[in-house]
Amino acid sequence: MSLKSNDMELIKMSSKGQLVVPQDIRETDHFQPGDKFVAFPIDEGVLFKKVEMPEVKLNFKSLAKEIEAQFKKQNVKKSDVKEAVKWARTR
């Protein structure tokens, strides 16, 4: 995307340190509420880079299902898990 001088929009930082990305940029780059950005300090100010975060909740659910399946396959009981947790907490 090329930026022309007449495309620039002045934005103001709120008292909470928040900046609003102009609507045309949000639409062009498909920014959505909840998107994550990393701030990089540069000589001229700050550069913000959008980053993709893995869906931790989905990954956790998938992992939990896999563990549950392994426990069933190996006939691990709830009492076995409780004992393992108790043992690990004493270490």
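Each value in this text was obtained by applying a stated rule to the coordinates, not by laboratory testing. The model shown is predicted, which means the values in this text are computed figures rather than measured ones. Cβ placement follows ideal geometry from the backbone for every residue including glycine, while neighbour counts extend to all protein chains displayed.
A few comments on the model shown:
- Global form of segment 5-51, assessed from the alpha-carbon gyration tensor, a/c cut-off 1.5: rounded
- Electrostatic dipole magnitude of segment 13-82 [Cβ: Lys, Arg +1; Asp, Glu -1; Cα centre; debye, to 20]: 860 debye
- Here the simple spin-label model places points 7 Å from the Cα toward Cβ, and for Ala69 and Leu47 these points are separated by 4.3 nm.
- Shape category assigned to segment 43-91 from the gyration tensor of Cα positions, a/c cut at 1.5: oblate
- With Cα atoms, 0 to 90° folded angle of helix 78-89 axis to the chain main axis: 70 degrees
- Cross-link partners of Lys50 among aspartates and glutamates (Cα-Cα below 12 Å; sequence separation of 8 or more within a chain): Asp29, Asp35
- Relative contact order of the chain, taken over Cα pairs closer than 8 Å and 6 or more residues apart, is 11 percent.
- Among the listed options [x] 7.3; [y] 11.9; [z] 6.5, the one matching mean projected area of the Cα convex hull in nm² as calculated from these coordinates is [y].
- In this label model, Glu55 and His30 are separated by 1.5 nm, measuring between points 7 Å along each Cα→Cβ vector.
- Candidate aspartates and glutamates for bridging to Lys36, where Cα separation is under 18 Å - those fewer than 8 sequence places away on the same chain excluded: Glu27, Glu52, Glu55
- Within a Gaussian network of the chain (alpha carbon springs, distance under 10 Å), most fluctuating of Gln32, Gln23, Gln74: Gln74
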